[in-house]
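Peer 1: First, the structure itself, so that you have it in front of you.
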Amino acid sequence: MVAIDSKAFMLKYSWPNMNANMVTLKADSELLIKIREAYQEYMIADDGEYVLFRAKKDTTIITAYKNTKSKLNKITFAGQGFLHEAKKWDATLTINEKNYDSEEPLGWFMVDDQIGSDEVGTGDFFGPICVCAAYVRKEDVAYLRKIGVTDSKKISDDYILKITPQLIKKFSYSQVSLNNEKYNELTSKKININEMKARLHNRVLLNLIKKHNNVKHVFVDQFVSETKFMAYASRDKEIARNVVFKTKGESRFPSVALASVIARYSFLKKMEALGKKYDCQFPFGASAKVDAFAQFFIDRFGKEEMNKVAKINFANYKRI
């Protein structure tokens, strides 16, 4: 594998025009109410100072901003399928068609053959940590764009459940999970979550690097410094080398975006299996709603069972 100077690499590739991947419309109070009601079931949390509401419908993010300078509010439509969704409200909206029809997805500024990894579940009180690495060839990038692959946080879970069975048949990937019993055991040994994640990432990356040993580009959605990552990974027998670390990697590299979708799919399926085992629906995240469910779970199944399904070093555990 050819060594990569990560700093030189990031300087070489500049950001594309992100405005080409988004349209904005101005809405009076009447239109604002209509749009809010239309996306009510797709609402997601956003505590931005000027954000009125945010929703994600399939691969499109709709964000409404309050305007302190006029009576009109700004509403943006971004992500895959943004123009189709926005035209439901203003048929005259247009974008730079040359940029939109480009084979390279907007936001992905490196589309050569590559391997990338990402993880989900680290912020969820219930459920495992799922890490995935995916291999993407340059010729497959157009397909990923067409099907709507992007950062899994910008896609609805229903859409991920719909498209991922196709993706795992078409693409080479490696996925591992860490259940909460093992997570709690490692935590009790003073192993922090970044070490767990680094070693899981290292494992899935090595699996794919060995399978596709001619790939020159390997990316990780950065969650810790490169020095720390390598220090943690060195505790295993082998280390994935020549890796480029970058935050928001799923928005920059198609391999990381694909890995994030497959990781989320794995997490959803494992949460579904957990729900079937205990005949209840486990909530995501670590909110007050999760606290309420956790108390119900303990009352019904006991503390010993709770320790099998929850991350006991979370503040939620102390609260209940």
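Peer 1: Tell me which of these Lys182 doesn't satisfy, since it passes every other one: (1) at pLDDT 95 or above; (2) within 16 Å of the chain's Cα centre (by Cα); (3) over 18 Å from Ala133 (Cβ atoms).
Peer 2: (2)
Peer 1: Which of the residues belonging to region 284-301 are aliphatic (A, V, I, L, M) and more than 22 Å from the chain's Cα centre (by Cα)?
Peer 2: Ala288, Ala292, Ala294, Ile298, listed by residue number.
Peer 1: Quick check: anything in region 73-80 surrounded by fewer than 14 Cβ atoms within 10 Å (Cβ to Cβ) and modelled with pLDDT under 75?
Peer 2: no
Peer 1: Next question. Just checking, which of Phe267, Phe253, Phe223 is at pLDDT 95 or above and under 16 Å from the mean Cα position of the chain (by Cα)?
Peer 2: None of the other options fit; the residue is Phe267.
Peer 1: In the same structural domain as Ile147 (by TED's automatic domain parsing), touching a Lys or Arg at 6+ places or on another chain (Cβ under 9 Å) and among the small types (Gly, Ala, Ser): does that describe Ser251?
Peer 2: Yes: the conditions hold for Ser251.
Peer 1: Say whether the condition of being of a type outside the set (Asp, Glu), over 27 Å from Met43 (Cβ atoms) and in contact with a strand residue (DSSP E or B) (Cβ under 7 Å, 6 or more places away or on another chain) is met by at least one residue in region 145-168.
Peer 2: No, region 145-168 contains no residue that is of a type outside the set (Asp, Glu), over 27 Å from Met43 (Cβ atoms) and in contact with a strand residue (DSSP E or B) (Cβ under 7 Å, 6 or more places away or on another chain).
Peer 1: Okay, next question. From the list Ser172, Ser188, Ser152, Ser177, which residue is among the small types (Gly, Ala, Ser) and within 12 Å of Cys130 (Cα to Cα)?
Peer 2: Answer to the check: Ser177.
Peer 1: For region 151-205, which positions are among the small types (Gly, Ala, Ser) and in contact with a helix residue (DSSP H, G or I) (Cβ under 6 Å, 6 or more places away or on another chain)?
Peer 2: Within region 151-205, Ser152, Ser174, Ala198 meet the criteria.
Peer 1: Within region 139-176, can you find the residues that are modelled with pLDDT under 90 and assigned to a loop (DSSP other than H, G, I, E, B)?
Peer 2: Gly148, Val149, Thr150, Asp151, Ile155, Ser156
Peer 1: Take residues that are under 20 Å from Ser188 (Cα atoms) and touching a residue at least 12 places away in the same chain (Cβ under 8 Å) and tell me which of the helices (runs of 4 or more DSSP H) falling wholly in region 277-320 contain 1 or more.
Peer 2: Counting at least 1 such residues, we get 303-309, 315-319.
Residue-wise test of (1) modelled with pLDDT under 80; (2) surrounded by 11 or more Cβ atoms within 10 Å (Cβ to Cβ).
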residue	(1), (2)
Val2	yes, no
Lys7	yes, no
Ala20	yes, yes
Leu31	no, yes
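Peer 1: Separate question: Looking only at residues that are among the aliphatic types (A, V, I, L, M) and touching a Phe, Trp or Tyr at 6+ places or on another chain (Cβ under 8 Å) in region 57-84, which one is farthest from Glu41 (Cα to Cα)?
Peer 2: Going through the qualifying residues, I end up with Leu83.
Peer 1: Name the pairs: first residue in region 179-202 and touching a residue at least 24 places away in the same chain (Cβ under 8 Å), second residue surrounded by fewer than 18 Cβ atoms within 10 Å (Cβ to Cβ) and basic (Lys, Arg), Cβ to Cβ under 6 Å, at least 6 apart or on different chains?
Peer 2: From region 179-202, the pairs are Glu181/Lys308.
Peer 1: Within region 254-275, does at least one residue satisfy the condition of being assigned to a loop (DSSP other than H, G, I, E, B) and surrounded by 13 or more Cβ atoms within 10 Å (Cβ to Cβ)?
Peer 2: Checked against the condition, which is being assigned to a loop (DSSP other than H, G, I, E, B) and surrounded by 13 or more Cβ atoms within 10 Å (Cβ to Cβ), region 254-275 yields no hits at all.
The values are calculated or read from the model by the stated rules, or taken from the named source; none is laboratory data. As the structure is a computational prediction, the values presented were derived from the model and not from experiment. Cβ: placed from backbone, ideal geometry, glycine included. Neighbour counts: every protein chain shown.
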